[in-house]
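Take a look at the structure below.
The values are calculated or read from the model by the stated rules, or taken from the named source; none is laboratory data. No experiment lies behind these values; they were computed from the predicted model shown. Cβ: placed from backbone, ideal geometry, glycine included. Neighbour counts: every protein chain shown. Accessible surface is based on the protein model in full, side chains and every heavy atom, while ligands, DNA and RNA are left aside. Shrake-Rupley method; radii C 1.70, N 1.55, O 1.52, S 1.80 Å.
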Amino acid sequence: MNIITKAPPQSTAYPDRAAMTINASPGYKATREREDAQVSRVLTWLSLAAILCLFGIGAKAWLSGHINHAQALWSFIVPVLANMLWFVKTGNREAHKIGLLVTVSVLFTYLIANGGESNTGPLWFYVFPPLLFFLTNLKTGTMILLLVYLVAIIVFQFPNLPFVLAEYNNDFIIRFFATLSFVSIFCFVLEASRLKARNELLNLAQTHEQAAKTDELTGLSNRRDILNRLKEEFSRYQRSGRHFSIALIDLDLFKTINDQYGHNAGDEALKQFADLVQSVIRQTDVAARWGGEEFLVLLPDTSLIPALTLAERLRREVANNAFTYHGQYLPVTMSAGVCSIAQMDSIDNLLKHADTQLYSAKEAGRNRISPRVRCQEPVAPNKPCA
């Protein structure tokens, strides 16, 4: 089969896929999603517990004759319940956290200013530091906690303010700040330790995830990863009909390089070839080490002719590139078989057909692409497009 194409433009270098941040990996995203979902579940249970607690303490205050205090406590049930219902409707986790945090902050401000029953309202502040650090990060939590300290100082030092209804003696104030400071520092240290351990575990999991799908020598995807990507691309093709192609590549007479220059030279040639492939293919393409000196390039949203054009451009770049090891020139060329999913009904048949095309390229003399690509410019007979 002869495909006539225009000579393609010069290759464009693309960013190294290995240099992309690991935070974008599927495993990392899945972990963060699970964490966010867990936080939302905890907040939901905390909100339900807060509603029951407010109702119960409000009922006790009512029976004790503190009618206004009971009504004030019951009024806080409304924003807590509204925040829960808004989360159920929108699924906005950030708004859920902020809503609960604001409600609790206003509630604790009321308790310290009102005093509650027998001036025990400030004691509820002890649950604020762990909740605060759980809902926010260490920096934000510390800033809000300092603001809470400022509010408490104002209430304690200026009992004649219009909104302050309680008075506290100096002994209570000293004990309150001492114990609250201890609880705050303790929660800060615990949360910092938890975050450190969590980040170390995430980094370890990401490293293992990366190692499980990356070829150690070349840094390209390994066979397992590219097979998974092929399955995903085939599923997408079945759903949307969007074509994709593959190029199965083999370095010509690679055993000769190992025999004449040593296996270290062969490894260096493989690494240099992998870097060259990454500089030629598009950002959306995926290159993988298929095994030994064989490589496979997945070309999403690409029909046969564009795939042949890219494969031919890569072949020319390899033929014209100087592969060296310790100053010695390494004779590296490549052959490739290209196939489009439009011709196949399964991944296995796609790979088999690409392998057949690769065999044809080698049988035809190596250093060429199959199906054959010809340039429009006149060239010597049987000479590949260069």
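So here's what we get for this one:
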| item | result |
| --- | --- |
| Residues of the range 109-135 that turn out to be in contact with a His (Cβ under 8 Å, 6 or more places away or on another chain) and surrounded by fewer than 20 Cβ atoms within 10 Å (Cβ to Cβ), as a count | 1 |
| Test: residue in the range 342-358 that is open to solvent by 30 Å² or more (accessible area, probe 1.4 Å), out of contact with any helix residue (DSSP H, G or I) (no Cβ under 9 Å at 6 or more places or on another chain) and aliphatic (A, V, I, L, M) | no |
| Breaking point among (1) under 16 Å from residue 333 (Cα atoms); (2) more than 26 Å from the chain's Cα centre (by Cα); (3) surrounded by fewer than 19 Cβ atoms within 10 Å (Cβ to Cβ), for residue 257 | (3) |
| Any hit, the range 272-282, residues being farther than 24 Å from residue 352 by Cα and open to solvent by less than 10 Å² (accessible area, probe 1.4 Å) | yes |
| Qualifying residue in the range 252-262 (condition: touching a Pro at 6+ places or on another chain (Cβ under 8 Å), at pLDDT below 95 and at positive phi) | yes |
| Test: residue 335 is buried (at least 24 other Cβ atoms within 10 Å of the Cβ) and either at negative phi or among the polar types (S, T, N, Q) (or both) | yes |
| Filtered residue count, the range 246-255, keeping only those that are in a helix (DSSP H, G or I) and in contact with a Gly (Cβ under 8 Å, 6 or more places away or on another chain) | 1 |
| Single residue of the range 61-86 satisfying the filter (in a helix (DSSP H, G or I) and in contact (Cβ under 8 Å) with a residue 40 or more places away in the chain) that is least open to solvent (accessible area, probe 1.4 Å) | 61 |
| Members of the range 210-231 found to be assigned to a helix (DSSP H, G or I) and either touching a Ser or Thr at 6+ places or on another chain (Cβ under 8 Å) or at positive phi (or both), listed by number | 210, 225, 229 |
| Per-region count, the range 287-311, residues in contact (Cβ under 8 Å) with a residue 60 or more places away in the chain, surrounded by 20 or more Cβ atoms within 10 Å (Cβ to Cβ) and closer than 13 Å to residue 226 by Cα | 7 |
| Where a residue in the range 178-203 is closer than 19 Å to residue 35 by Cβ and its partner, wherever it lies, is open to solvent by 80 Å² or more (accessible area, probe 1.4 Å) and among the basic types (Lys, Arg), with Cβ under 9 Å and at least six apart | 202/32 |
| Selection status of residue 43, in a helix (DSSP H, G or I), over 27 Å from residue 163 (Cβ atoms) and either open to solvent by 50 Å² or more (accessible area, probe 1.4 Å) or charged (D, E, K, R) (or both) | no |
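Here's the yes/no breakdown for (1) assigned to a helix (DSSP H, G or I); (2) at pLDDT 90 or above; (3) in contact with a strand residue (DSSP E or B) (Cβ under 9 Å, 6 or more places away or on another chain):
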position	(1), (2), (3)
165	no, no, no
174	yes, yes, no
185	yes, yes, no
189	yes, yes, no
201	yes, no, no
205	yes, no, no
208	yes, no, no
233	yes, yes, yes
238	yes, yes, no
